Amino acid sequence: MLRGGGGKELSDVLNELWKLDVNRMKPGKDYKINLQGKAGFVAEGSNNARDSARAPLFSYVDEKKLKSMDTYAHFLNLLDNYEMSTGVTEHVTKEELQENHLFLDAMLKTEVMKCAHRFLVCKGLAQSDPAQFKSQLYDIWFKLYRRDKNGGEDSCGFEHVFVGETKYGKEIMGLHNWVQFYHQEKHNHVDYKGYKARNNKDTPDEDDHVLNLQFSWNGLVKPVGSCFIGVSPEFEVALFTIVFCLSDERVTKVTVKVDEYLLEIVVYRFGCSIGTSYPKMISSNNRDF
């Protein structure tokens, strides 16, 4: 159950974030995706997937525009700061610590994050002092924890959700961010296998800002993944932070209507931090049925 924020109220604040997301990239203009074929079934643990997409998912991204926006520029600096495999202790350098803080500072200046902060303060789930809110965000997203019981502190919410990691080098975990997906695809580490859809009515289109998909990363297959496309880092962090703070449950699944999309937002809690979080597209009302 959500604390003090029912489905309608949650949808309202998420739509407010959507309207305020001026850094969202425009499909067909700032980037282009090539959906190609529908991905097939892959059994959990298998790394054999039929490739229903010969070309990459991203056929174009305006990198100049991407890097000109503060939050994206600082976000890009974070992508090479983590060990890929769980069980390998993370060592955070002074420079990396500074990069985390610069990213949070850039996000806190945006109207998106200010709106999320106001909402959480109203709910009694955050302090009104921006410095204390920043500290709360740091613990939720960047505080290291032990995902693998046998090793040291090997993971954090940001790494899992936005960068991706592997379990014993055999299974992809996380990687729910479009900028990292594009980044990895560009360097030939990610191979897009096709979109995922339950039926023909569910077929996505190239303007969709949410996509269910299948891909491989350094040879390992993710049978079903999902991510927002084109949205800013601050939008995702704000949205998942709100859902995380509204629930004490280990696993929270809420259905919300954001813009034209009916989504299930999934958030897993790992103590006082995020274990994972991602959107799942249920339907979009721009479909030609």
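Cβ separations smaller than 8 Å between residues 6+ apart or across chains give the following pairs from the range 46-57 residues that are closer than 16 Å to Ala197 by Cα to residues that are open to solvent by 40 Å² or more (accessible area, probe 1.4 Å) and not in a loop (DSSP other than H, G, I, E, B): Asp51/Asp191; Ser52/Lys38. Candidates Val231, Val224: the one that is touching a residue at least 12 places away in the same chain (Cβ under 8 Å) and surrounded by fewer than 23 Cβ atoms within 10 Å (Cβ to Cβ) is Val224. When the range 1-27 is filtered for residues that are at pLDDT below 95 and not in a helix (DSSP H, G or I), the ones remaining, listed by number, are Met1, Leu2, Arg3, Gly4, Gly5, Gly6.
Looking only at residues in the range 162-196 that are small (Gly, Ala, Ser) and part of a loop (DSSP other than H, G, I, E, B), the one that is surrounded by the fewest Cβ atoms within 10 Å (Cβ to Cβ) is Gly169. One residue alone among Val267, Val237, Val256 is under 17 Å from Glu159 (Cα atoms) and in contact with a Gly (Cβ under 9 Å, 6 or more places away or on another chain), and that residue is Val267. Taken over the range 15-43, residues that are among the aromatic types (Phe, Trp, Tyr) and loosely packed, with under 14 Cβ neighbours inside 10 Å amount to 1.
Among the residues of the range 235-256, not a single one is of a type in the set (Gly, Ala, Ser), within 22 Å of Ala39 (Cβ to Cβ) and surrounded by 20 or more Cβ atoms within 10 Å (Cβ to Cβ). Regarding the range 69-78, can at least one residue be identified that is part of a helix (DSSP H, G or I), modelled with pLDDT of 90 or more and touching a Cys at 6+ places or on another chain (Cβ under 6 Å)? For the range 69-78, residues part of a helix (DSSP H, G or I), modelled with pLDDT of 90 or more and touching a Cys at 6+ places or on another chain (Cβ under 6 Å): absent. For the range 44-68, what are the residues that are open to solvent by less than 60 Å² (accessible area, probe 1.4 Å), of a type outside the set (Gly, Ala, Ser) and in a loop (DSSP other than H, G, I, E, B)? Matches in the range 44-68: Leu57, Asp62.
Residues checked against (1) open to solvent by less than 10 Å² (accessible area, probe 1.4 Å); (2) within 15 Å of the chain's Cα centre (by Cα); (3) touching a residue at least 60 places away in the same chain (Cβ under 8 Å):
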position: Leu262; (1), (2), (3): no, no, no
position: Cys272; (1), (2), (3): no, no, yes
position: Thr276; (1), (2), (3): no, yes, yes
position: Pro279; (1), (2), (3): yes, yes, yes
position: Ser284; (1), (2), (3): yes, no, yes
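Pairs meeting the criteria (first residue in the range 69-90 and farther than 26 Å from Gly219 by Cβ, second residue at pLDDT 55 or above and part of a loop (DSSP other than H, G, I, E, B), beta carbons under 8 Å, at least 6 apart or on different chains) are Met69/Asn23; Met69/Ser232; Asp70/Lys109; Thr71/Asn23; Thr71/Thr110; Thr71/Ser232; Tyr72/Asn23; Tyr72/Ser232.
The values are calculated or read from the model by the stated rules, or taken from the named source; none is laboratory data. Note that the structure is predicted; figures quoted are calculated from it, not measured. Backbone-built Cβ (ideal geometry, glycine too); neighbour counts: all protein chains shown. What goes into the accessible areas is simple: the full protein's heavy atoms, side chains included, and nothing from ligands, DNA or RNA. Shrake-Rupley method; radii C 1.70, N 1.55, O 1.52, S 1.80 Å.
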